[in-house]
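Working notes, structure below.
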Amino acid sequence: MPNRTIAIGTRDQVRAFRGAGVEVVTITNAKEAKAALREQSLDPSVALILISEYLAADIQEELDDIRSRSTAIVLVIPSHKGSQHPSLLELKTLIEHSIGVDMIGKLDT
């Protein structure tokens, strides 16, 4: 049964997740991010993969492909540098589809 959460990012991006007990995969570039994302998405014990929107912008095609094939939820989150809003819009949509209610409301872009 999937029960692991993985955060993928640079050392600065995943530091807080490690402190909270989340497993982390530290990468330095988009190529490493793609490889880590693919590897973790194939692991049946992984339920949730967190990746910063800063990295996701460079590997969007890979994200879309993995989301269509993996049982793990791949969630793009704001980085330690703040949000550019795509991750918040994605989270809003995911929540709406999951529970049928708009919990976030209007986003100012």
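The values are calculated or read from the model by the stated rules, or taken from the named source; none is laboratory data. None of these values were measured; they are calculated from a predicted model. Ideal geometry is used to build each Cβ from the backbone, glycine not excepted, and the neighbour counts take in all protein chains shown.
Looking at the structure I just gave you, is Ile51 closer than 13 Å to Ile6 by Cα and either without any contact (Cβ under 8 Å) to a residue 60 or more places away in the chain or more than 14 Å from the chain's Cα centre (by Cα) (or both)?
Yes; evaluated as a whole, the condition is true for this residue.
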Those residues of region 1-27 which are among the hydrophobic types (A, V, I, L, M, F, W, C) and either in a loop (DSSP other than H, G, I, E, B) or touching a residue at least 24 places away in the same chain (Cβ under 8 Å) (or both) amount to Met1, Ile6, Ala7, Ile8, Ala16, Phe17, Ala20, Val22, Ile27
Of the residues in region 2-27 that are surrounded by 16 or more Cβ atoms within 10 Å (Cβ to Cβ) and of a type in the set (Gly, Ala, Ser), the one that is modelled with the highest pLDDT is Ala7
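List the helices (runs of 4 or more DSSP H) inside region 28-100, counting only whole elements, that have at least 3 residues being of a type in the set (Gly, Ala, Ser), modelled with pLDDT of 90 or more and closer than 20 Å to Gln13 by Cβ.
Qualifying helices (runs of 4 or more DSSP H): 30-41.
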Which residues, taken from region 48-68, are out of contact with any helix residue (DSSP H, G or I) (no Cβ under 6 Å at 6 or more places or on another chain), hydroxyl-bearing (Ser, Thr, Tyr) and more than 13 Å from Arg38 (Cα to Cα)?
Tyr54
Being within 21 Å of Pro2 (Cα to Cα), touching an Asp or Glu at 6+ places or on another chain (Cβ under 9 Å) and among the small types (Gly, Ala, Ser) narrows it down to one residue among Ala36, Ala72; which is it?
Ala72
